[in-house]
Amino acid sequence: MSRNRLLRIHNPYSGELEGEIESTPVGSIPDIVSKAFRAYRDNQLPAFDRYSILAGAAGLIREQKEDWAVSICRETGKPVRESLTEVDRAITTLEVSAQEALRVEGLIQACDVTDNRIARNAYVHRVPIGVILAVTPFNFPLNIPAHKIGPALAAGNAVILKPSPRAPLATSRFASLFHQAGLPGNLLQVVNGDNGVTRALAQSEVSAVSFTGSSSTGEAMARWSSGKKLVLELGGNDAAIVMDDADLEKAAAAIVAHRFGSSGQRCTACKRVFIHQSVYEAAREILVRLVSRLRAGDPMDEATDIGPLIDDRSAEEICRKIEDAAGRGAKLILGGGRKGRFIEPTLIENIDHEDPLVREETFGPVLPLVPFNDLDQAIRMVNSTSYGLQSAIFTNRMDTVLKAFREIEAGALIVNDGPGFRIESLPFGGVKQSGFGREGVRYAINEFTTLKTLVM
């Protein structure tokens, strides 16, 4: 086998080779899709079997939680403490998916509800739609695939999983667990490769595409997948509003955790903070204190808070955005430096809410602080981006919460916590360029099924 058909995965921290994985030839895609459809037709598993397989896969992960966390850490550079949290969340996602496999149900509806008085009953069922293409990013190599595989299998579909070429090892290994738990062979297949492979899969005869990644790639996926069911979870530029009545210590702690976790490489990271002018200086002082305590270093060290970015290109892009903002008059409060793939945790102020560093998604440990005078102004600034994934507000006034909930353009508003708050069973997704469709186990099952009606 030629070397140029291998994906070589290096540890973002040490540079060591973590493994190699074969890139799938584009010419084999039609056969892979054909096998998936045959498996789907030939293996209509009872709900209890789907439950058992998903619960079994969760149990297999639980048996080796620490090993999985180390794998994620070494492949992505995510601190091992956070990697362990991701493993726990993936277990939960599969367990919730297993439970929901027992609840994929329909309803009986009477037909005598119009003046025709037809004496019939309609049986409305949820049925699987076929073969789901699941395309996943590097930053959560276990839990994001779990949020696609779990609901798709719970609903009775077949799945073709395409991991990020930047971190395919843990994801590919994860897929093998389902077969160990009893899933018939081609109901779940893994395909590896670059965008050429992704495009070939999206243009194939798959029934639906579930994609998590950047907005630019999501737009391409929508073109490639024309005519198919699409669930797109794209970029985010999530904002937090700190009102004048907020508990500043709790707000700052939540903001720091939700901005700098995973070194800022999360779609739901708190990427912008709008602080009421009357508490701006006090909140700023607390944020400086908390961010200055963050420890960057070896992600395998449990004391490490900040690991490296996934690759050199990502680090270079973040540095360029910081330098460009500084050139437009923004002021560095803290950080801003780079050492290899490490970016110092950075706070920046004196920056307009329309500056690209604020308006666009920044996938790294950089937090711009912007003061505001009243809630209307804050909401306008929050909505001035093309993204709308999640949002947060820190306040104790219910009228403020309700106004923000009505007017902020986002898929969720989190009160007195960071915008990255997520429970695996809740609907998850955004508006505008943050995508469409919803994840969250039960809601993803709705995306991966269709309604079919029998009238008798």
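The values are calculated or read from the model by the stated rules, or taken from the named source; none is laboratory data. Given the structure is predicted, the values throughout are model-derived calculations rather than measurements. We place every Cβ from the backbone using ideal geometry, glycine too, and count neighbours over all the protein chains shown.
Across region 363-414, the number of residues qualifying as closer than 28 Å to LEU309 by Cα, of a type in the set (Ser, Thr, Tyr) and not in a strand (DSSP E or B) comes to 3.
Here the condition is being outside the structural domain of GLN265 (by TED's automatic domain parsing), under 28 Å from GLN64 (Cα atoms) and in contact with a helix residue (DSSP H, G or I) (Cβ under 6 Å, 6 or more places away or on another chain); of ALA181, ALA175, ALA200, it holds for ALA181 alone. Filtering region 134-175 to residues that are assigned to a loop (DSSP other than H, G, I, E, B) and either more than 15 Å from the chain's Cα centre (by Cα) or under 21 Å from THR450 (Cα atoms) (or both) leaves ALA155, GLY156, ASN157, PRO165, ARG166, PRO168. Here ASN116 meets each of (1) part of a loop (DSSP other than H, G, I, E, B); (2) surrounded by fewer than 24 Cβ atoms within 10 Å (Cβ to Cβ); (3) touching a Lys or Arg at 6+ places or on another chain (Cβ under 8 Å); (4) not hydrophobic (A, V, I, L, M, F, W, C) with one exception, condition (3).
Please work out which residue is nearest to LEU367 (Cα to Cα), limiting yourself to region 199-223 and to residues that are in contact with a Lys or Arg (Cβ under 7 Å, 6 or more places away or on another chain) and either hydroxyl-bearing (Ser, Thr, Tyr) or surrounded by fewer than 19 Cβ atoms within 10 Å (Cβ to Cβ) (or both). Filtering region 199-223 for residues that are in contact with a Lys or Arg (Cβ under 7 Å, 6 or more places away or on another chain) and either hydroxyl-bearing (Ser, Thr, Tyr) or surrounded by fewer than 19 Cβ atoms within 10 Å (Cβ to Cβ) (or both), the one nearest to LEU367 (Cα to Cα) comes out as SER210.
Pairs meeting the criteria (first residue in region 197-213 and more than 14 Å from SER23 (Cβ to Cβ), second residue of a type in the set (Phe, Trp, Tyr), beta carbons under 8 Å, at least 6 apart or on different chains) are ALA202/TRP224; GLN203/TRP224; GLU205/PHE37; ALA208/PHE448; SER210/PHE448.
Results for (1) outside any strand (DSSP E or B); (2) touching a Pro at 6+ places or on another chain (Cβ under 6 Å); (3) modelled with pLDDT under 95; (4) closer than 30 Å to ARG38 by Cβ, shown as yes or no for each residue.
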position	(1), (2), (3), (4)
LEU232	no, no, no, yes
VAL256	yes, no, no, no
VAL273	no, no, no, no
GLU281	yes, no, no, no
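Checking the conditions here, which among GLU439, GLU424 is more than 21 Å from ALA222 (Cα to Cα) and not β-branched (Val, Ile, Thr)? Lay out the reasoning, then the answer.
On the way: GLU439 fails: more than 21 Å from ALA222 (Cα to Cα).
Going through GLU439, GLU424 in turn, the sole match is GLU424.
One residue stands out in region 373-418 among those that are under 27 Å from the mean Cα position of the chain (by Cα) and among the hydroxyl-bearing types (Ser, Thr, Tyr): the one that is surrounded by the most Cβ atoms within 10 Å (Cβ to Cβ), namely SER391. Scanning region 199-223 for residues being of a type in the set (A, V, I, L, M) and either assigned to a loop (DSSP other than H, G, I, E, B) or on the phi > 0 side of the Ramachandran plot (or both) gives a total of 1. Selection of region 427-436 for residues being over 13 Å from the mean Cα position of the chain (by Cα) and in a loop (DSSP other than H, G, I, E, B) yields only GLN433.
Is there a residue being surrounded by 15 or more Cβ atoms within 10 Å (Cβ to Cβ) and in contact (Cβ under 8 Å) with a residue 60 or more places away in the chain anywhere in region 323-342? Checked against the condition, which is being surrounded by 15 or more Cβ atoms within 10 Å (Cβ to Cβ) and in contact (Cβ under 8 Å) with a residue 60 or more places away in the chain, region 323-342 yields at least one hit.
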